[in-house]
Amino acid sequence: MGVKQSGLSATERRSMLAEALGDGDGEVDETSTAPSAPSAPPASTPAPPVAAAFPVTADMVAFATALGQSIVAGLQPAQPQGQTRDPIPEVAVSPDTGIYGNNDQPRTQLPCPYYMGIYDDEGRVTEAFEIFADTCKESERVELLKLAARPGVYPRIERADGASASWRIVVRRDENNLPVKVIIAVPSPWLGRDQFQQMPTQPNFLRQLVEASEKQKPVA
């Protein structure tokens, strides 16, 4: 029969072969040692740390710390110890505010709707868009009311780029002579797409028109 030789030393195999051929002494030499277990792989050497792209110095750490403290200080102003911050006072509302302010303040009532408009080369006036009184400041409503009583043509009203032209104030009335529409008209090119950005602000042109109406009679 076959002999399992897995794990036998060379001496043991020769002894068993001699016994099988009748040349042995009847004993198998088993002095050889068992196969040893595979040794553990050597421990790997840790790789050296990767160097930073740039060295972090103490000055950089101090700067970052100071920056963080300054941001916190800016967001949360320091208060004296034992003292709390005063409550935020009510927002003071001036009577010179529009609909987005305090509507409980008395407001000048305008007699009719107001419009920005244009006039052509022949002097024909057409409204372009409404001036909403509720969104005007009180001082602007006062000036609009004055202009309703002073229709006519006012020369040399300037826009933002310094160019000037005559402006027209036209009051449309009903059969009872009551005002139903006031139009503040500018030369038609002034409201064009290419010149609209040069228009003066509403407080600016109202001030100019009122001053002009107080210094001189409007051109009929």
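Every number here is computed from the coordinates shown, using simple stated rules; none is lab data. In this text, all values refer to a predicted model and were calculated from it rather than measured experimentally. Cβ coordinates were reconstructed from backbone atoms using ideal geometry, including for glycine residues, and neighbour counts include every protein chain displayed.
For the reader, a short list of remarks on this structure follows.
- Residue within the range 151-167 that is over 41 Å from the mean Cα position of the chain (by Cα) and closer than 16 Å to Pro113 by Cα present: yes
- The number of residues in the range 177-197 that are touching a Cys at 6+ places or on another chain (Cβ under 7 Å) and outside any strand (DSSP E or B) comes to 0.
- Residues that are exposed (fewer than 13 other Cβ atoms within 10 Å of the Cβ) and either touching a strand residue (DSSP E or B) at 6+ places or on another chain (Cβ under 7 Å) or not β-branched (Val, Ile, Thr) (or both), drawn from the range 127-170: Phe129, Glu130, Phe132, Asp134, Ala149, Pro155, Arg156, Ala160, Asp161, Gly162, Ala163, Ser164
- Every condition in (1) surrounded by 12 or more Cβ atoms within 10 Å (Cβ to Cβ); (2) closer than 17 Å to Tyr115 by Cα; (3) over 39 Å from the mean Cα position of the chain (by Cα) is met by Ser213 except one, and the failing one is (2).
- Enumeration of residues in the range 129-176 that are at positive phi and either touching a helix residue (DSSP H, G or I) at 6+ places or on another chain (Cβ under 6 Å) or in a strand (DSSP E or B) (or both): Gly152, Arg156
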